[in-house]
1. Being closer than 21 Å to N69 by Cβ and in contact with a Ser or Thr (Cβ under 6 Å, 6 or more places away or on another chain) is the requirement here; does V184 meet it?
2. List every residue pair whose Cβ atoms lie under 8 Å apart, where the two residues are 6 or more positions apart in sequence or sit on different chains, the first residue falls within the range 229-252 and is at positive phi and part of a loop (DSSP other than H, G, I, E, B), and the second residue, located anywhere, is at pLDDT 95 or above and among the small types (G, A, S).
3. Looking at the structure I just gave you, is G150 in contact with an Asp or Glu (Cβ under 8 Å, 6 or more places away or on another chain) and within 20 Å of E276 (Cβ to Cβ)?
4. Just to check your reading of the model, which residue among V122, V108, V144 is open to solvent by less than 20 Å² (accessible area, probe 1.4 Å) and within 21 Å of A192 (Cα to Cα)?
5. Which helices (runs of 4 or more DSSP H) sit wholly inside the range 9-123 and have at least 1 residues that are modelled with pLDDT of 95 or more and over 15 Å from the mean Cα position of the chain (by Cα)?
6. From the list R224, R256, which one is open to solvent by 50 Å² or more (accessible area, probe 1.4 Å) and touching a Ser or Thr at 6+ places or on another chain (Cβ under 6 Å)?
7. If we keep just the residues of the range 157-194 that are open to solvent by less than 30 Å² (accessible area, probe 1.4 Å), among the small types (G, A, S) and not in a loop (DSSP other than H, G, I, E, B), which is farthest from A141 (Cα to Cα)?
Amino acid sequence: MCAGAPSSCPAPDPAAGDDARSTAGAERVLAARRNSPERPGVDADQTYACASTRKARPVMKIGIIGAGNIGGNLTRRLTALGHDVSVANSRGPQTLTELAEETGATPVPVEEAARDAEIVVVTVPLKAVPNLPSGLLDGAAEGVAVIDTGNYYPQQRDGKIAGIEDEGLTESRWTERQLGHPVVKAFNGTYAIDILERARPAGAPDRQALPVAGDDEAAKRKARALIDELGFDTVDAGGLDDSWRQQPGTPVYGLREGVDGVTKALAAASPERTAEWRA
């Protein structure tokens, strides 16, 4: 339905990390990509060019809430990099068997997704955020960084959200209030397929950059380091109240450019929400 759209476009909700496990995970994903129909310009080996750095990086426990396009592809990449990933969706862990077998991730109920996690990725439809369990982050590791990939699609999916429309909150500020925990906005304008196919080593001339916004500088650093490990540059997009610069309808949303292009696109954004993105 939205396979070609950026990260949170409406779509059906479909490590211990030792070296042997992470290598096997990477090999499984690469094999699957080699056996799939070729996409012009895609080099499956280049897709995981950054995976060779995983032994030099600490293994993290990461919780992913939402197993749609973005959540599923982050699960694939992060397990291939050797991280201990728990993944959850609204339909229960029994519906995540195939993803778990493919990646080695641990399927869990939503209530357990953040347990002991150093990073939690919330990648669910915006209208579903208030339905997440209360105290969701209570069992997370101290200093957990929470990454919000969400977008507000009032006409296409979410209906009117008063805090965004009437109070003028940015989408991620509203999400932060629902969760009761600071969030970092990232991946919201990223095409899900790019997480698999556009990873590049640091310094590569065609390395794509992603904007990252948030108030908690330590959490933002964690998020940016993770994105770098995934094979993308980042641009600091300011605090959460500045994150309107990367919401749907802005120049950076869906942009596939490097640091300079992303920086210019953020500067060119207008705070006025166009009719397409209002209820």
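The values are calculated or read from the model by the stated rules, or taken from the named source; none is laboratory data. Keep in mind it's a predicted model, so treat the numbers as computed, not measured. Because the Cβ atoms are built from the backbone with ideal geometry, glycine has one as well, and the counts that use them run over all protein chains shown. Ligands, DNA and RNA are stripped out before the accessible areas are found, and what is left, the full protein with its side chains, is counted by its heavy atoms. Shrake-Rupley method; radii C 1.70, N 1.55, O 1.52, S 1.80 Å.
1. On the way: closer than 21 Å to N69 by Cβ: yes; in contact with a Ser or Thr (Cβ under 6 Å, 6 or more places away or on another chain): no.
No; evaluated as a whole, the condition is false for this residue.
2. If the second residue must be at pLDDT 95 or above and among the small types (G, A, S), the pairs left are G231/A199; G238/A213.
3. So G150 passes the test.
4. After ruling out the rest, the residue left standing is V122.
5. 69-80, 97-103
6. R224
7. Looking at the filtered set, the residue picked out is G163.
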